[in-house]
Ligand SMILES: [Zn+2]
């Protein structure tokens with residue numbers, strides 16, 4: 001998300017391998033890009049931060065542009081378990097932050113939980129996403145998500161056919177209510193994230209941005225699920241961006257010193273109190289400012 005969507009391919013990082021590098025790796029190893037994914041799952045697993053369960057989960061996904069995105073699970077001691085981020089959600093939020101519009105293949109270290117099978121329904125052609133579970137052993141093979149979740153409930157049950165889905169481009173056309181408040185780096189990044197948020201069910205988009213002690217900003221967008229509970233909050237999305245830029249041996253969240261939440265005024269779905277709770281737990285020194293926004297037209 002940092003820097004927004006760009007036509008230029010960003011440099012590869014621990015959680016992102018650009019399409020050109022994927023093609024070169026595949027050529028070098030004599031594999032297809034889809035065959036590369038399971039070989040990257042142990043790396044993704046090593047990036048997980050699960051201090052409660054001590055059960056690291058790693059996922060690697062292939063985007064429609066040919067880039068590969070990794071995901072890992074995050075757990076936050078002191079906060080309720082429903083604040084955790086699953087590897088598949090990390091992967092989707094990470095890919096969306098890079099401007100990718102859909103995922104065609106996912107390799108993951110453990111059987112995807114029901115929550116993640118549901119969350120993935122928000123992607124275009126979700127039933128056709130091919131999933132490989134590396135813990136199946138040498139016989140592990142790709143199979144469509146429709147095999148893991150037959151008879152899915154999802155966007156098609158609630159949205160119009162041509163509505164943009166999760167990861168697809170959108171501009172929520174929001175402005176911050178109080179003039180001038182969008183001028184700070186943090187509030188402008190959080191507003192940009194809110195504009196890209198996926199909230200077709202509640203109509204309450206939101207975005208979150210954090211800054212570390214060296215002035216580096218990381219932002220993330222709220223992502224809803226048709227089933228509501230598997231939705232990924234904006235704080236989690238920003239923490240995904242933070243972890244994704246750090247990679248192996250990255251700093252803890254305590255290096256986050258400031259944060260901004262942008263959400264609708266009088267939002268039926270408000271992130272404020274959850275954001276205050278979670279940031280108090282993971283980064284107690286962090287100063288969080290909440291900005292209200294409204295539709296610009
Ligand atoms: Zn899961």
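Miscellaneous remarks
- With Cα atoms, 0 to 90° folded angle of helix 19-29 axis to the chain main axis: 20 degrees
- Here the range 280-297 and the range 114-192 have alpha carbon centers that stand 23 Å from each other.
- Sum of -39500 (n - 2.57) over DSSP H runs of 4+, divided by residues of the chain (222 nm, nearest 500): -8000 deg cm²/dmol
- Comparing 235, 217, 269 in a Gaussian network model of the chain, where Cα atoms under 10 Å apart are tied by springs, the biggest mean-square fluctuation is seen for 269.
- In terms of Cα atoms, the Rg and Dmax of the range 16-154 work out to 14.4, 46 Å.
- Mean shadow area of the chain over all directions, Cα convex hull, nm²: 15.0 nm²
- Measuring nothing but how far apart in sequence close Cα pairs (under 8 Å, 6+ apart) lie, relative to its length, the chain scores a relative contact order of 16 percent.
- Among 133, 103, 52, the largest mean-square fluctuation in a Gaussian network model of the chain (Cα springs under 10 Å) belongs to 52.
- Percent RCO, i.e. relative contact order, over the range 174-295, from Cα pairs under 8 Å lying at least 6 residues apart: 28 percent
- Of the peptides 121-132, 204-215, the ranking by mean beta-carbon count within 10 Å, highest at the top, reads 204-215, 121-132.
- Most mobile listed residue (223, 24, 87) in the chain, GNM with C-alpha springs under 10 Å: 24
- Largest-first principal axis extents of the Cα set of the range 174-295 (Å): 38, 36, 22
- On Cα atoms only, tilt of 234-246 relative to the major axis of the chain in degrees: 60 degrees
- Per-peptide packing, taken as the mean over residues of other Cβ atoms within 10 Å, places 182-188, 236-242 in the sequence 236-242, 182-188 from highest down.
Quick note: the coordinates plus some simple rules give every number you see, no bench work behind them. All figures in this text were calculated on a predicted structure; none of them were measured in a lab. Using ideal geometry, Cβ is built from the backbone for each residue, glycine included, and neighbour counts are taken over all protein chains shown.
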